[in-house]
Structures are given as C-alpha cells and as structure tokens.
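Nothing in this text is a laboratory measurement; each read-out follows from the coordinates by a stated rule. If you're wondering where the values come from, they're calculated on a predicted model, not measured in any experiment. Glycine also receives a Cβ, built like all others from the backbone with ideal geometry; neighbour counts cover every protein chain displayed.
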Amino acid sequence: MARMLPLADANQAAGEPPPFERIGIVGLGLIGGSVALACRRRWPGALVIGVDANGPLEAASARYAIDVGADDLGMLREADLVVLAAPVRANIAVLEQLAEFVPGEAVVTDVGSTKRTTVDAARRLPSRLTFIGGHPLAGATHTGISSASADLFERRPWFLTPQEGATSQLGRLSAWVEGLGGVPRIVDAAAHDELVAFVSHLPQVVSSALMLVVGDAVGTEGLRHGGQGLIDTTRLAASAGSVWTDVCGSNADRLGQALDRLIAELQRTRSSLGQEDAIAQLFGKAAAWRRDLEARTDEP
C-alpha cells in the first residue's frame, strides 16, 4: 500500500513547465536521492515519486526529496518519466516488470555505470515505454540518501544512450538533464562502456586493490604512518562494494582489457626501476596527462 509523504512548498514553482510532470525514481540512494532533490529544487510543481524500502523512503521524506512513495512498483502507474537508480542488476530486474505497472506512455531512463546489459534488457519493453539509457558522471565517496545533494550534477557530463526510435523523446530527456545541472552527451552504449572502463571503473578497482595490498602488508599500526599521498590515492577504496560488484560484472570484458594494460605498464615499470631514463619518462608522461585531467574542471 502506498504511503503519502510530505509535499514540498508548491509556491516555489518555476516559471516554465517541467519536461516531465510526474517523475518516478526507483532507488533513493546517492544518485536517486540527488535526482529527487534536484528535481524538487528545479521544478517544485512536478510530482516526485519514490520507490524503495521503508528506510530510504523515510529518509527521503525527512529531506523533502519526494512527494509520495511506496515500496512497490505500483506507485509508478501515473509516471511520465521513470528513473531507474538502483544497482545495474536490480535495474534490469525492474525493467522486466515495468510494463505491468506502467500502463501508459512514459520515458524510461537509468543512471547505471554500465549501459550494454541494461540497453539489451530494455529492448523487450513495449513501444509505449521509450527507453533512453543514462549515466551521470557524478558521485561521492559515501552512498545513501544522507549523502545526496541537489548540486551533485552541476556541470557534470551526463551520458545518454538512446535506442533506435527514441529520437522524439531525446530532446525532452536532454532538457530534463540540463534542468538538473547536467551536460547531456549522446554516445553509443558500447563506446560508453569502453570509455568508463578506463576513466571510472579502472581507478576504482586500482584504488581498492592498492588499499588491500598496503593494508595487508603493514596492518593497522603501519597505516598510522600513511601520509596524505596514500589517503588521496586510496580515497575511492571507501566506496560500497555492493554497487561495484554489479559494475564489474556487467563490464567485465572492457574492465579486463583496461586492467591488462595497467598490468603491462606495471610490469614494464617493475623491470625499469634501475633505469633512470625510463622512470623519468614514466613520471613525465603521467604528469602531462594529469595536467590534462585537471584542466577538464574548466569544461565539462
């Protein structure tokens, strides 16, 4: 049974109508919660519907992130936009049931870090449900609605992977992304997964593996002597494994290729430790790429 949650102040309504009047969000963690908060701030007159377990629903209610919510997909019946914000495999499971609970026309998107498996699953949706895959390149060290922020997507790229025939709704969804502060980028699902394997998934796995190696080697006492460099380098190791098991599994081929390239570079470095020129070249090229990375903060 649906539970009614506090309604935001409708007097804050924005000047123009929202691209979507009724937005259903399945999963109210860091990303889903941030989507809800950003929607409420940008379009206070729109209805934001939350679907999750009671704990996240209550937390979202306390932050006035949603208008109504329940722990079942029946709440999505009137939604004209459905945002799947659970882990990848959970999103796919929802896709398999969605047509039963959303009888009318709607746009369906997701925020998952991999796209190919989700896009493939969405091909089985009826034509009245238009699926356009999505992935905002935004995040935080800690997960959960308590870490959510309406500013999370400001000036951050937001990949969209439209299927054939979704062109008519792509502009509408792009406008919605821009309203949340994101910068829409249209990309093929396969190209997306290859890119994020290097710029997102590899750094996460490397950070976690590095923390594991160092921790196992020096123990708790030794870690007390770790400096800021170790803290900065392993920041991502604090990420929740429950999210990354799905990511690694659904992008195993592309991530495996990225790891192979890193392993080869580490092996070359291991063989070159006594060669001054080789080590200088490694640090020089890496520093140059780092400057390029830092420059990206000026342009999303």
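Amide H to amide H under 5 Å from Gln163: which residues, 5+ apart in sequence or cross-chain, H placed 1.01 Å off N in plane?
Gly133
Report Rg(Cα)/(2.2 N^0.38 Å) for the chain, keeping two decimals. Walk me through the numbers before you get to the answer.
On the way: Rg = 21.2 Å, N = 300, 2.2 N^0.38 = 19.2 Å.
Ratio of Cα Rg to 2.2 N^0.38 Å: 1.10.
What residue among Ser200, Ser208, Ser168 has the largest mean-square fluctuation in a Gaussian network model of the chain, using Cα springs under 10 Å?
Fluctuation is largest for Ser168.
For Glu96, Glu276, which order do you get if you count the other beta carbons within 10 Å of each Cβ and list the fewest first?
Glu276, Glu96
Tell me, how many Å apart are the Cα centres for region 50-92 and for region 239-300?
36 Å
Send over the semi-axes of region 192-298's equivalent ellipsoid, whole angstrom and largest first, taken as the square roots of 5 times the C-alpha gyration tensor eigenvalues. It would help to have the intermediate numbers written out before the result.
Values: eigenvalues 104, 90, 49 Å².
Semi-axes, largest first: 23, 21, 16 Å.
Give, in whole angstrom and from largest to smallest, the semi-axes √(5λ) of the equivalent ellipsoid of region 20-142, with λ running over the eigenvalues of the Cα gyration tensor. Provide the component values of the computation, followed by the final result.
Working: eigenvalues 86, 56, 34 Å².
Output for region 20-142: semi-axes of 21, 17, 13 Å.
Using Cβ contacts closer than 10 Å as the measure, can you line up Lys285, Lys115 from fewest to most? Show your work: numbers first, answer last.
Values: Lys285 10, Lys115 27.
Arranged by neighbour count, lowest to highest, Lys285, Lys115 become Lys285, Lys115.
Per 5 Å bin from zero, what fraction in whole % of the C-alpha pairs of region 105-205 is there, up to the bin with the longest pair?
2, 12, 22, 23, 20, 13, 5, 1
Can you sort Phe198, Phe131, Phe153 from fewest to most other Cβ atoms within 10 Å of each residue's own Cβ?
Listed from fewest to most nearby Cβ atoms, that is Phe198, Phe153, Phe131.
Once Lys and Arg get +1 and Asp and Glu get -1 on their Cβ, which of Leu195, Trp158, Ala286 lies farthest toward the positive end of the dipole of the chain?
The Cα lying farthest towards the positive end belongs to Ala286.
If you place +1 on the Cβ of every Lys and Arg and -1 on the Cβ of every Asp and Glu, how big does the dipole about the Cα centre of the chain come out, in debye to the nearest 20?
220 debye
Need one number: % antiparallel among DSSP beta bridges in region 3-187, to the nearest 5.
In region 3-187, DSSP labels about 25 percent of beta bridges as antiparallel.
When only Cα pairs under 8 Å and 6 or more residues apart are kept, what is the percent relative contact order across the chain?
It rounds to 16 percent for the chain.
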